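Take a look at the structure set out below.
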Amino acid sequence: MTNTMWMRGVEWLAAASADPRACKWEWDHGEGVALLEAGRFWDVLSVPDRLGMLTLDLLWRPALPVPGPTLVDTRAGRVGFFLPPDPSGGWVGTGVRYATKGSWVSVPPPYRSARSLEWLVPPDGTGALHSPGTLEEALQEANGTLTVLPPLGGRSPG
């Protein structure tokens, strides 16, 4: 990612803050994480990390556009996909969380990780987000794959 893309990504992400200047200061001089409200420029669909990583892998197919911004929280064991705002938030499933208007999301700057948060696909500043339909298909395919894989650690159930 070029320096110009990093800067555009910073500006785009900070625009979700009530005070973009304070947001950028916090990234550079504070804890390195800003609390941003979902629902205005983007929403975040958060899923368990194993499902999220497999889903992201499926989204990197040559026939598909480059995936939208995707964040991992290694401490919480979750992957967040940034989507267009949808107040109805009709996403359901085991372990699925949907952050929209009135929800707050902790994010590091696009150019580095902070605490347990790291961009798997940083925002590029163009406003590109995940397509809800494409993401839903990939999640369903990944979920189907996970049901036939052994649990982590190689232990078989029962």
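The values are calculated or read from the model by the stated rules, or taken from the named source; none is laboratory data. Predicted model, so just to flag it, every value in this text is computed and none were measured. A quick note on method: Cβ atoms are made from the backbone with ideal geometry, for glycine too, and the neighbour counts reach across all protein chains shown. For the accessible areas, the whole protein counts, side chains as well, though only heavy atoms, and no ligand, DNA or RNA atoms are used. Shrake-Rupley method; radii C 1.70, N 1.55, O 1.52, S 1.80 Å.
With respect to Phe41, determine if the residue is touching a Pro at 6+ places or on another chain (Cβ under 9 Å), crowded, with 22+ Cβ neighbours inside 10 Å and aromatic (Phe, Trp, Tyr).
The answer is no for Phe41.
When the residues of the range 61-78 are narrowed to those that are over 10 Å from the mean Cα position of the chain (by Cα) and free of Cβ contacts under 8 Å to residues at least 40 places away in the same chain, which ends up least open to solvent (accessible area, probe 1.4 Å)? Among those that are over 10 Å from the mean Cα position of the chain (by Cα) and free of Cβ contacts under 8 Å to residues at least 40 places away in the same chain, it is Gly77. Please identify the pairs in which a residue from the range 115-143 that is closer than 13 Å to Val47 by Cβ and among the small types (Gly, Ala, Ser) has its Cβ atom under 6 Å from the Cβ atom of a residue that is open to solvent by less than 60 Å² (accessible area, probe 1.4 Å) and part of a helix (DSSP H, G or I), counting only partners at least 6 apart or on another chain. Filtered contacts from the range 115-143: Ala138/Thr55; Ala138/Leu58; Ala138/Leu59; Ala142/Leu51; Ala142/Leu54; Ala142/Thr55; Ala142/Leu58. Taken over the range 124-158, the residue count meeting the criterion of being surrounded by fewer than 19 Cβ atoms within 10 Å (Cβ to Cβ), part of a helix (DSSP H, G or I) and either at pLDDT 90 or above or of a type in the set (D, E, K, R) (or both) is 7. Looking across the range 7-20, the residues that are hydrophobic (A, V, I, L, M, F, W, C) and surrounded by fewer than 18 Cβ atoms within 10 Å (Cβ to Cβ) come down to Met7, Ala15, Ala18.
Residues of the range 79-123 that are within 19 Å of Cys23 (Cα to Cα), under 14 Å from the mean Cα position of the chain (by Cα) and open to solvent by 40 Å² or more (accessible area, probe 1.4 Å): Trp104, Ser106, Ser113, Glu118. What about Leu51, is it surrounded by 15 or more Cβ atoms within 10 Å (Cβ to Cβ), free of Cβ contacts under 8 Å to residues at least 60 places away in the same chain and either under 15 Å from the mean Cα position of the chain (by Cα) or closer than 19 Å to Lys101 by Cβ (or both)? The answer is no for Leu51.
Look at the range 21-37: where a residue is open to solvent by less than 100 Å² (accessible area, probe 1.4 Å) and a partner is of a type in the set (Ser, Thr, Tyr), sitting 6+ places away or on another chain with Cβ atoms under 7 Å, you get Cys23/Ser17; Val33/Ser106; Ala34/Ser17; Leu36/Ser17. So, Thr100, is that one in contact (Cβ under 8 Å) with a residue 40 or more places away in the chain, within 21 Å of Gly144 (Cα to Cα) and polar (S, T, N, Q) or not? So Thr100 fails the test.
Does the range 34-47 include one or more residues that are among the polar types (S, T, N, Q) and over 22 Å from Gly102 (Cβ atoms)? No, there is no match, as no residue in the range 34-47 is among the polar types (S, T, N, Q) and over 22 Å from Gly102 (Cβ atoms).
Here is a yes/no grid of residues against (1) within 23 Å of Thr134 (Cα to Cα); (2) basic (Lys, Arg); (3) in contact with a Leu (Cβ under 8 Å, 6 or more places away or on another chain):
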position: Ala22; (1), (2), (3): no, no, no
position: Trp25; (1), (2), (3): no, no, no
position: Leu36; (1), (2), (3): no, no, yes
position: Pro48; (1), (2), (3): yes, no, no
position: Leu54; (1), (2), (3): yes, no, yes
position: Asp57; (1), (2), (3): yes, no, no
position: Gly68; (1), (2), (3): yes, no, yes
position: Ser88; (1), (2), (3): yes, no, no
position: Gly95; (1), (2), (3): yes, no, yes
